[in-house]
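Enquirer: Pasting a structure below so you can have a look.
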Amino acid sequence: MNFKKIASCAAVIAGLLGVSAGVTHAADTTNQGILSVKYNGKGGVALLDSNGRYQNQYVYNGSRWRYFAKATINGREMYRLGTDRQWIPADYSDISGASGSNQAQATGASQASGVVYVNYQGKGGVCLLDSNGHYQSQYVYNGSSWRYFAKATINGREMYRLGSDRQWLPADYTAGFQNPNPYYQVQYEQIKPSIYSPGYTIGYGYEGIKTWYVMRKLGTFNGYANYNWATVNAVKRFQASHGLPVTGKVDLNTWVKLGFNKDAWFAIDSYIAPLGAGKMSSRADHINAMINQAYKYMGKPYIVGASSNPEYGNDCSGLVLQALYAGGINPTSISSTQHAFPGNEWNSRRLWADSRLKTVPLSQIQRGDLVFYYQPGTRTIWHVALYVGNGHVIESWPPKVGVGALRDRNRSIIAGIKRPFI
C-alpha cells in the first residue's frame, strides 16, 4: 500500500462524512451500516453526487466507511457515505461482514453522534488511530468536517470515532463548525476588532451614538446624526461659556461638561457583541447566535454610523456587524470601532465587496444570509439586512430596528445575497 499516496490524496477526501447537503429523493435511508471499498484498479474509487456527476473525491481499496442511504442513480446502485455529493457505486462496495466494526471497541467508549471539524495548524494532516491507540496511516485535514459515532478515552486521550474502529480522531484537533477557506474563519475567542482606541474625540463629519447625543443636547439634531457645521459652532459656543478650549470638537472634558457619563464615553466605542456559540457549536448554532443578537436591538432608533450596545440604536451595517460578531465572524473590511468615523457611512458597500463573504443566488437564500439592496434607480448599494427566514429580514431602517418583508416599497431592488456561514 502506498501510504504517501494516501496522505497526498487525503485532502481530496477530507470532506467525506461531512454535514449532509441534501437528500436524494430516490434514497432508501433505512439502509445504513459499514461497507468496505473493493477496488483493484489504480488510484481510488471516484465518488459522485446525487445526479451522477463525479466529484473529484476518492476512497481507496480496503478502507471502511459508514454509509447512510442506498439509491439507484442513473440506473446504478449506490451508497451515500456522507453528504449528498459522496455516493459510491455498489460495484466497488462490500457490505458482507463489514458491519462487525461499526460499534465502539475502545474502553470506556460511549455512543454519540454529531459533526466535528478538524482544527490543525501543523503540516500535513491529523493521523487517525485504532481503538488501541495505534496510528493507522489515514489522515484528515484542517477545515474538513466529519460525522462521528462514538466518543472514548484511549490511552488517556479523548477521541471521536469517525467510521470504523480504526478511525479515531483525537479531540485535541477538533473544533466546532468552521467555514472553508478562503472565507472568514469562525472565531472561538472573543472578537477584538480594534482599529481605533475607544474614547476618540468627535468632530465635523463624525456620526454615531456620541454625535447623536451631542446634537440632541445642543439642538442641532435634524433627524440625521452627522456632525455638521451647525454642531461645530454650537460646541464652540458651549466651550466658550464653560471655560473650555474652543475647538468645536467634543473630547472627554467637553462630553462630561455637557452632562454625559464619563464611562459611557469609552463604553459606547468599545462594545463588541459577546460570542453566542462555542467551540463545538453547529452551523445552526452560529446562525442562531447572530440572529438572536440582532433581535436584542428591536425597537431601538436608527442612528447613522452607530454600532454598539443594544442599549443604543444603530444603522443597517452596524446592526449586521454586531450580529456577525455574536456569531463568530470578524469581517475585517469594516469594524464597529471605526463605524462612526467620517467616510464609513456606507459600510454596507464594503461588506458587499468583501470576497471573504460568499455570494449565493437569491433563489438559494437561507436563514442567516445577508441581503443587500440597490438604491432605487441606481446600481449603488445603500442597505443591508439579515434574513431570518419565511420571507422576512431584521434590519435597521429609519426610524428604528424591526422585522419586515424581504422586499417593500422602500427597498425593493435586491442586489444580491452574502452567506457568512457556509
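Enquirer: Hey, could you check the stretch 163-177 for residues that are under 24 Å from the mean Cα position of the chain (by Cα) and assigned to a loop (DSSP other than H, G, I, E, B) and say which is surrounded by the most Cβ atoms within 10 Å (Cβ to Cβ)?
Expert: 177
Enquirer: Is there any pair with a first residue in the stretch 212-224 that is of a type in the set (Val, Ile, Thr) and a second that is at pLDDT 95 or above and not in a loop (DSSP other than H, G, I, E, B) whose Cβ atoms are under 7 Å apart and which are 6 or more apart or on different chains, and what are they?
Expert: If the second residue must be at pLDDT 95 or above and not in a loop (DSSP other than H, G, I, E, B), the pairs left are 214/231; 214/250; 220/230; 220/231; 220/234.
Enquirer: Please count how many residues of the stretch 147-172 are among the hydroxyl-bearing types (Ser, Thr, Tyr) and either assigned by TED's automatic domain parsing to the domain that holds residue 344 or farther than 30 Å from residue 80 by Cβ (or both).
Expert: The number of residues fulfilling the criteria is 1.
Enquirer: Continuing with this model, one more query. Taking residue 357 and the conditions (1) touching a strand residue (DSSP E or B) at 6+ places or on another chain (Cβ under 6 Å); (2) surrounded by fewer than 18 Cβ atoms within 10 Å (Cβ to Cβ); (3) within 11 Å of residue 419 (Cα to Cα), which numbered condition does it fall short on, given that it satisfies the others?
Expert: (2)
Enquirer: Name the helices (runs of 4 or more DSSP H) wholly inside the stretch 227-346 in which the number of residues that are out of contact with any Gly (no Cβ under 8 Å at 6 or more places or on another chain), within 30 Å of residue 115 (Cα to Cα) and at pLDDT 95 or above is 1 or more.
Expert: Values: elements: 229-241, 252-257, 262-270, 283-295, 316-327.
Correct list: 283-295, 316-327.
Enquirer: Is there any pair with a first residue in the stretch 282-308 that is over 19 Å from residue 336 (Cβ atoms) and a second that is surrounded by fewer than 23 Cβ atoms within 10 Å (Cβ to Cβ) and of a type in the set (Gly, Ala, Ser) whose Cβ atoms are under 6 Å apart and which are 6 or more apart or on different chains, and what are they?
Expert: As it stands, the answer is 287/368, since those pairs meet every condition given.
Enquirer: Taking residue 147, is it buried (at least 18 other Cβ atoms within 10 Å of the Cβ) and within 17 Å of residue 281 (Cβ to Cβ)? Even if it seems obvious, please write down each step before you answer.
Expert: Numbers: buried (at least 18 other Cβ atoms within 10 Å of the Cβ): yes; within 17 Å of residue 281 (Cβ to Cβ): yes.
Yes, satisfied.
Enquirer: Taking the conditions exactly as written (modelled with pLDDT under 90, outside the structural domain of residue 47 (by TED's automatic domain parsing) and not charged (D, E, K, R)), does residue 111 satisfy them or not? Can you show your working first?
Expert: Working: modelled with pLDDT under 90: yes; outside the structural domain of residue 47 (by TED's automatic domain parsing): yes; not charged (D, E, K, R): yes.
In short, yes.
Enquirer: Testing residue 37 on (1) within 23 Å of residue 167 (Cα to Cα); (2) out of contact with any Gly (no Cβ under 7 Å at 6 or more places or on another chain), one condition comes back false. Which one is that?
Expert: Exception for residue 37: condition (2).
Enquirer: Please state which of the following conditions residue 143 fails to meet, knowing it meets all the rest: (1) touching a Pro at 6+ places or on another chain (Cβ under 7 Å); (2) free of Cβ contacts under 8 Å to residues at least 60 places away in the same chain.
Expert: (2)
The values are calculated or read from the model by the stated rules, or taken from the named source; none is laboratory data. All figures in this text were calculated on a predicted structure; none of them were measured in a lab. A quick note on method: Cβ atoms are made from the backbone with ideal geometry, for glycine too, and the neighbour counts reach across all protein chains shown.
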